[in-house]
1. If ASN157 meets every condition in (1) surrounded by 19 or more Cβ atoms within 10 Å (Cβ to Cβ); (2) of a type outside the set (Asp, Glu); (3) without any contact (Cβ under 8 Å) to a residue 24 or more places away in the chain apart from one, which number is that one?
2. Does region 167-190 include one or more residues that are within 12 Å of ligand 2 (Cβ to nearest atom) and either over 15 Å from the mean Cα position of the chain (by Cα) or free of Cβ contacts under 8 Å to residues at least 40 places away in the same chain (or both)?
3. Are there any pairs, at least 6 apart or on different chains, whose C-beta atoms fall under 6 Å, with the first in region 104-118 and of a type in the set (Asp, Glu) and the second not in a loop (DSSP other than H, G, I, E, B), and if so, which?
4. So, restricting to strands (runs of 3 or more DSSP E) that lie completely within region 129-208, which ones have at least 3 residues that are within 21 Å of TRP69 (Cβ to Cβ)?
5. From the set of residues in region 39-83 that are under 19 Å from the mean Cα position of the chain (by Cα) and farther than 22 Å from SER122 by Cα, which is surrounded by the most Cβ atoms within 10 Å (Cβ to Cβ)?
6. Assess whether SER163 counts as being farther than 15 Å from TYR115 by Cα and at pLDDT below 95.
7. Any idea which of GLU107, GLU98 is away from ligand 2 (no atom under 15 Å from the Cβ), surrounded by fewer than 16 Cβ atoms within 10 Å (Cβ to Cβ) and part of a helix (DSSP H, G or I)?
8. Going through region 22-49 one residue at a time, which ones are in a loop (DSSP other than H, G, I, E, B) and not polar (S, T, N, Q)?
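The values are calculated or read from the model by the stated rules, or taken from the named source; none is laboratory data. Just so it is clear, the structure is predicted and the values come from calculations on it, not from any experiment. We place every Cβ from the backbone using ideal geometry, glycine too, and count neighbours over all the protein chains shown.
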Amino acid sequence: MQISFAIGQEAAKPEKLFLPDAEILFYPGFLETSEADSNFIQLVHETPWRHDSLKFAGKIVPVPRLQAWYGNKRSNYGYSGLALNPLPWTPLLTNLKEKVADCCQTEFNSVLLNYYRDGNDSVAWHSDDENELGEKPIIASLSLGTSRRFDLKHLNNKLPKSSCELSNGSLLVMGKGMQQFWKHQIPKQPGITTGRINLTFRKIVVSA
Ligand SMILES: O=C(O)CCC(=O)C(=O)O
Ligand SMILES: [Mn+2]
C-alpha cells in the first residue's frame, strides 16, 4: 500500500507529516517561486559540481547525480567511502542557510548540494546516519527547480511506504527518528527532462 501526503500551497506554514516514530515538517512555499527560480539558475552556473564514482561489489559506479559540499572549516563529511572536504560558504548559500536555520530554530554548519540533471538522476534508498551527524540529527532539505518524488519507507517493512512531491521552493525538515527508523530515496523518473537542485543543511559534529 502507498500513502501520499496531502500538500497545500500556503507559504510559510508547515504541514506536519504523520509518520510513525519520526518528526517531519513540510513547508510547501518556503521560498517564493521567483526566488527559487533565480537561486536554481545561479547555483547551476556558479557551483563547481563534482561527479564522483563509488566502488560497489568490486565495480566502479558513477554517482547518478552531481554534488558539492560546503561548510565551516573542518566540517568534513563522507559516505560510502567518499570523503568530502567543505568548500567555503558563498553569499547565496550563507543567506539560504540563515533563512533555513531561522525557520528550524537550530544551527547548521554545512550543506550538501545534489544536482539531478534530469529524471535519470536519482539517490538510492538510504538514511543519513553517519556518525559525524550525531545521534538525532535535524536535516533541512530545500528543493529548487523541477519537482521530484521523495519516497520514505520504515525499517519495519510491514508499515506502508509514503511519498511526497518536493516542489520548487519547498523545505522538508527531517527531525527526530527520521534517520533512525526511516529510509528515503529520490527514484528515477525517466519522463522528466529538466533539472532539480536539492540542498540538505546539516550540522556536522566536529571533534575537539
Ligand atoms: O534530493 C533530495 O531530496 C534528497 C537528497 C538526500 O537524501 C541526501 O542528500 O542525503
Ligand atoms: Mn538523505
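1. Unmet for ASN157, out of (1) surrounded by 19 or more Cβ atoms within 10 Å (Cβ to Cβ); (2) of a type outside the set (Asp, Glu); (3) without any contact (Cβ under 8 Å) to a residue 24 or more places away in the chain: (1).
2. Scanning region 167-190 turns up no residue that is within 12 Å of ligand 2 (Cβ to nearest atom) and either over 15 Å from the mean Cα position of the chain (by Cα) or free of Cβ contacts under 8 Å to residues at least 40 places away in the same chain (or both).
3. Close Cβ pairs (under 6 Å, with a partner that is not in a loop (DSSP other than H, G, I, E, B)) amount to GLU107/ALA101.
4. Correct list: 139-145, 171-174, 182-186, 196-202.
5. Ranking the candidates gives GLY71 first.
6. For SER163, the condition - farther than 15 Å from TYR115 by Cα and at pLDDT below 95 - is met.
7. When all the criteria are applied, what remains is GLU98.
8. GLU23, PRO28, GLY29, PHE30, LEU31, GLU32, PRO48, TRP49 - these are the residues of region 22-49 that are in a loop (DSSP other than H, G, I, E, B) and not polar (S, T, N, Q).
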